[in-house]
Amino acid sequence: MASETIPITVEFTGGLEMLFADQRKHSLSVPAKDERGQAVTVGWLVHYLCVEVMKDPRKEMFVLDGHVRPGILVLINDADWELEGEASYALQARDNILFVSTLHGG
Amino acid sequence: MASETIPITVEFTGGLEMLFADQRKHSLSVPAKDERGQAVTVGWLVHYLCVEVMKDPRKEMFVLDGHVRPGILVLINDADWELEGEASYALQARDNILFVSTLHGG
Amino acid sequence: NGSAKWPLLNEEYQRYGRQMIVPSIGIQAGQLRLKSSSVLIIGAGGLGCPAAAYIAGAGVGTIGIVDGDTVETSNLHRQILHSTSKVGMRKAESAISYLKSLNPNPTYIAHTEHISPQNAQEIVERYDLVLDCTDNPASRYLISDVCVLLSKPLVSASALRTDGQLIVLNSPPLPPGNEAGGPCYRCVFPKPPPAESVVSCGDGGILGPVVGVMGVLQAVEAIKIIVEGKLAPSPEIQEGLKATPTSMLLFSALSPQPFRSVRLRSRRPGCFACSKDSGLSLEGLQSGSLDYVLFCGLASSANVL
Amino acid sequence: NGSAKWPLLNEEYQRYGRQMIVPSIGIQAGQLRLKSSSVLIIGAGGLGCPAAAYIAGAGVGTIGIVDGDTVETSNLHRQILHSTSKVGMRKAESAISYLKSLNPNPTYIAHTEHISPQNAQEIVERYDLVLDCTDNPASRYLISDVCVLLSKPLVSASALRTDGQLIVLNSPPLPPGNEAGGPCYRCVFPKPPPAESVVSCGDGGILGPVVGVMGVLQAVEAIKIIVEGKLAPSPEIQEGLKATPTSMLLFSALSPQPFRSVRLRSRRPGCFACSKDSGLSLEGLQSGSLDYVLFCGLASSANVL
Ligand SMILES: [Zn+2]
Ligand SMILES: [Zn+2]
């Protein structure tokens with residue numbers, strides 16, 4: 001049980017991919033439960049990405065004060081995470097989590 | 001068993017929707033088996049759409065000589081039906097079948 | 001005058017004939033709506049140039065262009081209304097000289113200044129619909145706020161490198177406090193990004209046709225809003241409206257699936273701009289009590305369009 | 001000259017700087033590839049106008065425009081390189097006069113005639129890449145065939161009413177019989193549509209920015225092919241290539257999900273044009289043994305661009 005994992009897809013766009021080795025699409029297997037035995041959430045995933053996946057030292061370009069930094073939209077299966085319970089949303093197998101950095105150029 | 005149905009989505013674009021009451025997206029329940037007890041195929045669906053769904057009398061704009069007319073692409077879950085066995089592809093629940101009339105204007 | 005038998009001039013039937021016969025435009029109703037509407041394009045750069053060309057081509061009656069900049073050589077790979085001989089000229093005037101030669105029928109108004117809290121009301125209130133074609137967060141918050149205060153639908157786009165984004169805001173454009181209105185920029189982005197995370201096209205680069213696609217798509221959305229009669233919903237229609245979510249279109253030119261639509265929220269309860277607790281007012285805007293540059297951080301303040 | 005320290009002129013660094021710093025372009029390699037490439041745009045209408053503007057803006061070295069038509073007022077809502085004062089002028093020349101004022105650096109070549117089996121080889125062989133911006137099936141089959149025979153990648157788009165389609169064909173442009181090449185138009189559409197099912201923009205109507213979006217997207221695809229070095233894969237690269245499927249981008253302006261990418265096939269075994277059993281030859285084309293108008297049916301023959 002402790003080693004049960006769920007497959008998810010994480011994508012970055014709008015320049016965020018540059019913080020993740022220039023890779024837009026990441027197929028990940030994440031543990032089904034966190035260290036306290038709770039189902040893993042998107043909030044957990046953000047921390048996991050920051051600590052385990054992101055090699056770029058500029059962590060503050062992704063997470064600021066413990067939250068996804070302002071100007072980044074989080075989409076769960078193409079819907080704003082605010083429609084899905086935000087950070088507390090429990091990850092399901094084959095979920096697609098998309099992080100979009102808002103662009104301002106024109 | 002005889003009344004078992006499968007839910008599919010059929011879409012028309014590129015002007016074909018005008019032959020189908022100007023409706024681009026149709027949610028249909030089709031019988032799981034044809035009159036001979038075989039799993040229904042896309043070929044069966046084309047005939048069904050032509051006879052049961054299409055109200056426009058210009059049938060030859062959709063089916064010609066028993067086949068989907070030249071200039072219409074058939075996509076099964078967003079892939080050319082030639083990659084999926086063409087007319088003999090057996091429909092699955094929640095399949096999306098898209099008919100695209102090729103455009104020539106510019 | 002919609003009841004007149006030939007409500008358009010002969011030249012107009014010729015010029016707009018190909019779009020008038022598109023069923024969703026409507027032979028005369030749609031074209032008359034375009035002719036009687038007014039559109040403000042804020043920014044005559046990589047987004048504003050292609051957007052303006054198609055909005056003028058389609059026969060929108062009044063078109064305003066806001067830009068305080070002058071044309072530079074480095075603009076020309078993507079700002080296709082300008083030309084080499086216009087380097088040094090005001091962008092708003094350069095753009096209008098092109099638009100007049102494409103279609104002399106519309107009334108064109110050049111606003112050769114950057115949009116600011118002081119001039120925003122005076123400029124925006126003369127138009128029915130606004131296109132945000134600017135290039136920095138401070139302008140984007142200001143434009144959204146003034147569109148909420150003046151009940152104007154807002155078509156907003158942005159681009160950088162090989163990516164683009166498009167979002168229709170405040171549509172339907174209902175008064176602050178009416179949760180059936182479309183969300184505003186602050187509903188989607190309540191806090192501005194840290195200044196050091198904001199990259200301009202000047203610093204990050206931009207592929208010309210990438211920003212071009214986004215600008216043309218702004219014209220598509222603007223024409224749809226006008227032709228479908230959604231500029232200002234009548235009070236009866238407002239009664240029946242429910243909370244309106246919006247969607248954002250993402251474009252990544254290098255991706256095998258280059259476009260993606262994502263569902264965003266409807267108006268945010270407690271939004272600083274569009275909720276019943278709104279802290280915005282036209283007086284506050286005029287008096288300078290809202291400092292957008294400070295709000296967005298100084299690093300992005302170099303060039304407030 | 002890629003090894004020279006400053007292989008571009010000072011004006012070019014200024015003009016193209018914003019796109020040169022996009023990582024996928026490459027500061028100098030990508031820009032030099034654009035400068036040394038040549039692109040043929042067949043059709044200076046609703047697709048060709050915006051495509052040409054961004055291809056010229058980006059600094060492609062040689063740009064040819066093929067069009068036998070003259071500018072009409074009814075073109076101007078969507079054919080944004082022309083202008084009211086150019087009504088009656090040859091479209092190819094009108095377009096080039098605009099392009100020169102946007103960017104004087106490229107070499108521009110006007111082909112003021114419709115493409116035909118007789119002139120196609122002579123025109124197309126001078127260019128590295130072709131954009132099909134025409135408006136009828138006979139031209140589309142002819143252009144695809146000649147691109148297969150001359151090994152040119154082909155970026156093809158079309159539009160009608162509020163819909164558009166985009167497909168990259170013959171990319172990589174390997175010789176007929178090499179199944180690793182990209183599919184051609186005949187692989188996807190082995191039989192032409194019945195003539196009575198073909199609707200032109202003149203008859204069916206077209207929303208200007210809808211065809212505009214498709215034309216700008218053609219420029220995006222053309223620039224990607226050039227910058228990524230895919231114009232003519234070297235023999236070593238050809239060895240390792242596998243069958244290349246293609247995809248088609250569908251645009252429906254009125255749909256809540258306006259864009260959709262669908263996967264199409266790779267080269268069709270037995271394709272009349274690109275398989276080892278190809279029935280095509282340059283001699284056959286020249287001699288008129290292939291009658292494209294007859295092949296596509298007379299109803300579409302009124303205006304073979
Ligand atoms: Zn709001
Ligand atoms: Zn072929």
Residue satisfying all of: in region B:34-69; basic (K, R) and loosely packed, with under 15 Cβ neighbours inside 10 Å; farthest from B:E4 (Cα to Cα) among these: B:R58
Just for region D:177-205: of the residues that are outside any loop (DSSP other than H, G, I, E, B) and away from ligand 2 (no atom under 16 Å from the Cβ), which one is farthest from the other protein chains (Cβ to nearest Cβ)? D:A195
Looking only at region D:271-292, filter to residues that are away from chain B (no Cβ under 14 Å) and hydrophobic (A, V, I, L, M, F, W, C); which one of those is farthest from ligand 1 (Cβ to nearest atom)? D:L282
Failed condition for B:I72, given (1) facing chain D (nearest Cβ under 10 Å); (2) out of contact with any Leu (no Cβ under 9 Å at 6 or more places or on another chain); (3) buried (at least 17 other Cβ atoms within 10 Å of the Cβ); (4) touching a residue at least 12 places away in the same chain (Cβ under 8 Å), with all others met? (2)
Which numbered condition C:F259 misses (of (1) of a type in the set (F, W, Y); (2) within 10 Å of chain D (Cβ to nearest Cβ); (3) out of contact with any strand residue (DSSP E or B) (no Cβ under 6 Å at 6 or more places or on another chain)): (3)
Please return the ranges of helices (runs of 4 or more DSSP H) entirely within region C:63-176 where 1 or more residues are closer than 30 Å to D:E12 by Cβ and away from ligand 2 (no atom under 16 Å from the Cβ). C:91-102
For region C:155-173, enumerate the residues that are away from every other protein chain (no Cβ under 14 Å) and within 11 Å of ligand 1 (Cβ to nearest atom). C:N170
Would you be able to say whether some residue in region D:271-279 is out of contact with any Phe, Trp or Tyr (no Cβ under 6 Å at 6 or more places or on another chain), among the polar types (S, T, N, Q) and within 12 Å of ligand 2 (Cβ to nearest atom)? yes
Pairs with Cβ under 8 Å, 6+ apart, first in region D:32-46 and in contact (Cβ under 8 Å) with a residue 40 or more places away in the chain and under 16 Å from D:V227 (Cα atoms), second in a loop (DSSP other than H, G, I, E, B) and of a type in the set (F, W, Y): D:S38/D:Y127; D:V39/D:Y127
Please go through region D:182-213 and pick out each residue that is touching a Ser or Thr at 6+ places or on another chain (Cβ under 7 Å) and under 28 Å from C:V210 (Cβ atoms). D:G182, D:P183, D:C184, D:Y185, D:L207, D:V210
Return the total of residues in region B:75-101 being touching a Ser or Thr at 6+ places or on another chain (Cβ under 6 Å) and facing chain D (nearest Cβ under 8 Å). 1
Quick check on region D:81-97. Is at least one of its residues surrounded by fewer than 18 Cβ atoms within 10 Å (Cβ to Cβ), under 25 Å from D:L217 (Cβ atoms) and touching a residue at least 24 places away in the same chain (Cβ under 8 Å)? no
Yes/no for D:S252 being surrounded by 17 or more Cβ atoms within 10 Å (Cβ to Cβ), at pLDDT 95 or above, hydroxyl-bearing (S, T, Y) and within 16 Å of ligand 2 (Cβ to nearest atom): no
Please work out which residue is farthest from A:E35 (Cα to Cα), limiting yourself to region A:1-25 and to residues that are among the aliphatic types (A, V, I, L, M) and not in a loop (DSSP other than H, G, I, E, B). A:M18
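Here is a yes/no grid of residues against (1) touching a helix residue (DSSP H, G or I) at 6+ places or on another chain (Cβ under 6 Å); (2) within 25 Å of C:L160 (Cα to Cα); (3) within 8 Å of chain C (Cβ to nearest Cβ):
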site: D:L32; (1), (2), (3): no, yes, no
site: D:A44; (1), (2), (3): yes, no, no
site: D:A58; (1), (2), (3): yes, yes, yes
site: D:M89; (1), (2), (3): no, no, no
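With respect to C:V211, determine if the residue is more than 16 Å from ligand 2 (Cβ to nearest atom) and within 22 Å of C:S278 (Cβ to Cβ). Walk me through it before giving the result.
Values: more than 16 Å from ligand 2 (Cβ to nearest atom): yes; within 22 Å of C:S278 (Cβ to Cβ): no.
Answer is no for this residue.
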Checked B:T13, B:T102 against criteria (more than 11 Å from the chain's Cα centre (by Cα) and within 20 Å of D:R268 (Cα to Cα)); the one match is B:T102
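Residues checked against (1) closer than 30 Å to C:M20 by Cα; (2) at pLDDT below 95; (3) in contact with a strand residue (DSSP E or B) (Cβ under 8 Å, 6 or more places away or on another chain):
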{"position": "D:L169", "(1), (2), (3)": "no, no, yes"}
{"position": "D:V188", "(1), (2), (3)": "no, no, yes"}
{"position": "D:V198", "(1), (2), (3)": "yes, yes, no"}
{"position": "D:C201", "(1), (2), (3)": "yes, yes, yes"}
{"position": "D:I206", "(1), (2), (3)": "yes, no, yes"}
{"position": "D:P209", "(1), (2), (3)": "yes, no, no"}
{"position": "D:M214", "(1), (2), (3)": "yes, no, yes"}
{"position": "D:V227", "(1), (2), (3)": "no, no, no"}
{"position": "D:K230", "(1), (2), (3)": "no, yes, no"}
Here are some conditions: (1) surrounded by fewer than 20 Cβ atoms within 10 Å (Cβ to Cβ); (2) more than 10 Å from chain D (Cβ to nearest Cβ); (3) closer than 20 Å to D:R78 by Cβ. C:I27 meets all but one. Which one does it not meet? (2)
What is the residue count in region D:228-254 for residues that are over 21 Å from D:V130 (Cβ atoms), more than 14 Å from every other protein chain (Cβ to nearest Cβ) and in a loop (DSSP other than H, G, I, E, B)? 1
Can you tell me which residues in region C:98-149 are closer than 25 Å to C:S171 by Cβ and free of Cβ contacts under 8 Å to residues at least 40 places away in the same chain? C:N119, C:E122, C:E125, C:C147
Qualifying residues in region C:206-221 (those that are touching a Lys or Arg at 6+ places or on another chain (Cβ under 7 Å) and in a helix (DSSP H, G or I)) - the one farthest from the other protein chains (Cβ to nearest Cβ): C:V211
Within region D:255-290, how many residues are outside any loop (DSSP other than H, G, I, E, B) and touching a residue at least 12 places away in the same chain (Cβ under 8 Å)? 6
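The values are calculated or read from the model by the stated rules, or taken from the named source; none is laboratory data. Predicted model, so just to flag it, every value in this text is computed and none were measured. All Cβ positions, even for glycine, are placed from backbone atoms using ideal geometry, and neighbour counts span all protein chains on display.
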